[in-house]
1. Only one of these is of a type in the set (S, T, Y), modelled with pLDDT under 85 and either crowded, with 18+ Cβ neighbours inside 10 Å or under 17 Å from the mean Cα position of the chain (by Cα) (or both): S199, S239. Name it.
2. Considering only residues that are crowded, with 16+ Cβ neighbours inside 10 Å, at pLDDT below 75 and assigned to a loop (DSSP other than H, G, I, E, B), which ones fall in segment 1-32?
3. Do we have R79 as at pLDDT below 75, farther than 16 Å from G267 by Cβ and of a type in the set (D, E, K, R) here?
4. Could you tell me how many of the residues in segment 214-229 are farther than 14 Å from L244 by Cβ and either in contact with a strand residue (DSSP E or B) (Cβ under 6 Å, 6 or more places away or on another chain) or part of a loop (DSSP other than H, G, I, E, B) (or both)?
5. So Q172 ticks every box in (1) under 14 Å from the mean Cα position of the chain (by Cα); (2) part of a strand (DSSP E or B); (3) at pLDDT below 90 but one. Which box is left unticked?
6. Look at L143 and say whether it is under 17 Å from the mean Cα position of the chain (by Cα) and outside any strand (DSSP E or B).
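The values are calculated or read from the model by the stated rules, or taken from the named source; none is laboratory data. Everything numeric here is computed off the predicted structure, so don't read it as measured data. When we count neighbours, we look across all protein chains shown, and the Cβ atoms used for this are built from the backbone with ideal geometry, even at glycine.
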Amino acid sequence: MASGPSSQTRARDLDRVNACSQLDAAYADGQLGAGEYHDRSAQAMSAKTLAELNLLISDLQLPSAVTEQAPVRTPGSPRRALRIAVACGAVIAVGAIGLALTGQDGPDPVVTPVPAQVEKPLAQPEVAVPAVEPIIVGAAQPLTQDGIYALFEQYRQKFGDLTVHELGLYDQYAILSRTAPDAPDKVDRYDFRGGFKTSDTRTQRLPGTGEVDLAQVDVPALVALIADAPRLVGVPDGSIGHVLLADGGKGPAINVYVYDKARTGGGYLRATLGGDVWQVNPAN
């Protein structure tokens, strides 16, 4: 029977990408400053062994939803395959941009989604009221064009603007942070799964970080970027892990993380809010 990996076991591309996702989550959660986050991310992408990667993430406090979705093998433990969360419903402590970020850019426990139920009126109302377009609270699809538009519109309706501190888009949910209205030096975390739910988590705002105006995001260009990201990082048959929108101090950026078809490797890219790519970290 094969033994688990040792501390000198060579890191896979997947291990490096997952380590970056965990760093993203820690950054979004306020555990890492912008400078340390960027330094650790750079070291993770060039790490050669599992020992090097685990040294970069061993002191982080992350929810199981993040570590299970983006596992990094540890010495003495059996090899685990990447598990992408496909269920909707649950609070995720916005982790860096787990918020997952990408140089800036994370999330939390996942539970079985409960279909939204709406009680039907017993009778027609006696007074006619104007028809309104209902907001459907159900499965979210934040990596699709319709899903992104729906998320942005519901965000505007809830908060009155389109300013976000960080936003992480996943297949069936999103996680985000927003500057606290009563404390500009702090951010509040939210989970989006067809509707918003606060995570009751408030953390210190990282020095040097900025805001992202979602109104400046070219949604069609973002969707095209998501579709083309696997090819750009060298795994045309790969899949999207997550997308992070954040400003780590160098201006708002879009970060797209990609896994290869076998989920044994991956890479990521960075682009402007208009969809122009300015950095590609290809899969090896």
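1. On the way: S239 fails: modelled with pLDDT under 85.
Only one candidate qualifies: S199.
2. Within segment 1-32, P5 is the sole residue that qualifies.
3. On the way: at pLDDT below 75: yes; farther than 16 Å from G267 by Cβ: yes; of a type in the set (D, E, K, R): yes.
Against the criterion (at pLDDT below 75, farther than 16 Å from G267 by Cβ and of a type in the set (D, E, K, R)), R79 qualifies.
4. Selection size over segment 214-229: 1.
5. (2)
6. Numbers: under 17 Å from the mean Cα position of the chain (by Cα): yes; outside any strand (DSSP E or B): yes.
When the stated conditions are applied, L143 passes them.
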